[in-house]
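What follows is one structure encoded as structure tokens, with my remarks underneath.
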Amino acid sequence: MKKTFALGVDMGATTIKAGAVTPEGKILEQVSVETLANKGPATVLKQIGEAVRQLLARRKPVDCFGIGIGSPGVVTVHDGAVHNPPNFSNWNDVQVAKAIRKVIPLPVFIENDANCAAIAEAKYGSGVDHKDFLFVIWGTGVGGGIILDRKIYRGPYGGAGEVGHVSIDYNGRRCNCGSLGCIEAYIGQRYLSQRTKEILESSPPDRPRSKIKELVGGNLDKIEPSVISLAAEQGDEEAIGILEEAGELLGCALASVLNTVDLRVVVIGGGVSAAPQFVFDKIESSTRERVLTPHRAGIRILRAKLGNPAGIIGAASLVL
Ligand SMILES: [Zn+2]
């Protein structure tokens, strides 16, 4: 009997999303539930089990290839364990794959969530024409995954692709990881909003009224990257400046990675990647200026194609 779908689970700290996905990467149906991340691992595992059961109840389990799970934190693929995912309470080392297999008799595989999104782009998205590329997820933080010869490169310790912690200033801003000058500390969602607020607060009062200020009704605590993008599209000079600066800085970090790993193509996804095209152009020119000469002509910075569903599709593709 030919199997027709796999289940992909995107285990986020705020939402658990699960979907039935075809081998062509199409989501047939999906469910989502608010993650009870503060209730501890047993509760979260139960939630994953319930989401999976819900999807299986509407189809024939015998048609299912298996279950793929994308999780934040360090994932050791060989034993299916998730280690200290950020924003999950009382969670050190949990054997997630084993726990799910115990209650649902199907093959279960697990992978880091940024790696899942990278795999999805490689198989179904902007990476299909490139067998080697760096995937960057630009949202609350900055993460990534490395695709070599169409396969994910995890590294000997499972931690490869952490682009967000490339330092662009040895004496720079303090990052959540404890280090200084990490690119995430300059272009992560929260820092980008904070930086915009600082710039607006220090701009001279005789400047023309800021589109950003208008869009948030004067409440600078409401600034988020989508607002900055919108203002930039409407020609707001400060918004354009802030996003160009973010692009320049990201290019600086990317050049270091591309020089080290010998890659030339970067696919950028995540919430902030909805930014206008000029930001991508800036990232590309900034990267090109900084890589070694033989790489220059081949540098390509591409926007991810799959958007939010990349998490579910990538997780499902672990078993497809
Ligand atoms: Zn860091």
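The values are calculated or read from the model by the stated rules, or taken from the named source; none is laboratory data. Remember, predicted model here, so these are calculated numbers, not experimental data. Don't worry about glycine lacking a Cβ; one is built from the backbone with ideal geometry, like all the others, and counts go over all protein chains shown. For accessibility, only protein heavy atoms count, side chains too; no ligands or nucleic acids. Shrake-Rupley method; radii C 1.70, N 1.55, O 1.52, S 1.80 Å.
Selection of the stretch 101-127 for residues being surrounded by fewer than 22 Cβ atoms within 10 Å (Cβ to Cβ) and either more than 21 Å from the chain's Cα centre (by Cα) or modelled with pLDDT under 95 (or both) yields R101, K102, V103, I104, P105, L106, P107.
Of all the listed residues (E238, E248), the sole one being open to solvent by 50 Å² or more (accessible area, probe 1.4 Å) and either of a type outside the set (F, W, Y) or part of a helix (DSSP H, G or I) (or both) is E248. Of the residues A185, A231, the single one that is assigned to a helix (DSSP H, G or I) and within 12 Å of the ligand (Cβ to nearest atom) is A185. Selection within the stretch 188-197: residues that are more than 10 Å from the ligand (Cβ to nearest atom) and free of Cβ contacts under 8 Å to residues at least 60 places away in the same chain. The member of this set that is nearest to the chain's Cα centre (by Cα) is R190.
Only residues that are out of contact with any Leu (no Cβ under 9 Å at 6 or more places or on another chain) and more than 8 Å from the ligand (Cβ to nearest atom): list them for the stretch 165-182, please.
Result: L180, G181.
Would you mind stating whether G68 is in contact with a strand residue (DSSP E or B) (Cβ under 6 Å, 6 or more places away or on another chain), crowded, with 17+ Cβ neighbours inside 10 Å and closer than 21 Å to G164 by Cβ? No, not satisfied.
Here is a yes/no grid of residues against (1) within 19 Å of A117 (Cβ to Cβ); (2) at pLDDT below 95; (3) open to solvent by 20 Å² or more (accessible area, probe 1.4 Å):
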{"position": "E201", "(1), (2), (3)": "no, yes, yes"}
{"position": "E224", "(1), (2), (3)": "no, yes, yes"}
{"position": "L243", "(1), (2), (3)": "no, no, no"}
{"position": "L263", "(1), (2), (3)": "yes, no, no"}
{"position": "I283", "(1), (2), (3)": "yes, no, no"}
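Each row is one residue, and each column tells you yes or no for (1) closer than 18 Å to W91 by Cβ; (2) open to solvent by less than 20 Å² (accessible area, probe 1.4 Å).
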{"residue": "F5", "(1), (2)": "no, yes"}
{"residue": "K17", "(1), (2)": "no, no"}
{"residue": "L28", "(1), (2)": "no, no"}
{"residue": "L36", "(1), (2)": "yes, no"}
{"residue": "T43", "(1), (2)": "yes, no"}
{"residue": "V52", "(1), (2)": "no, yes"}
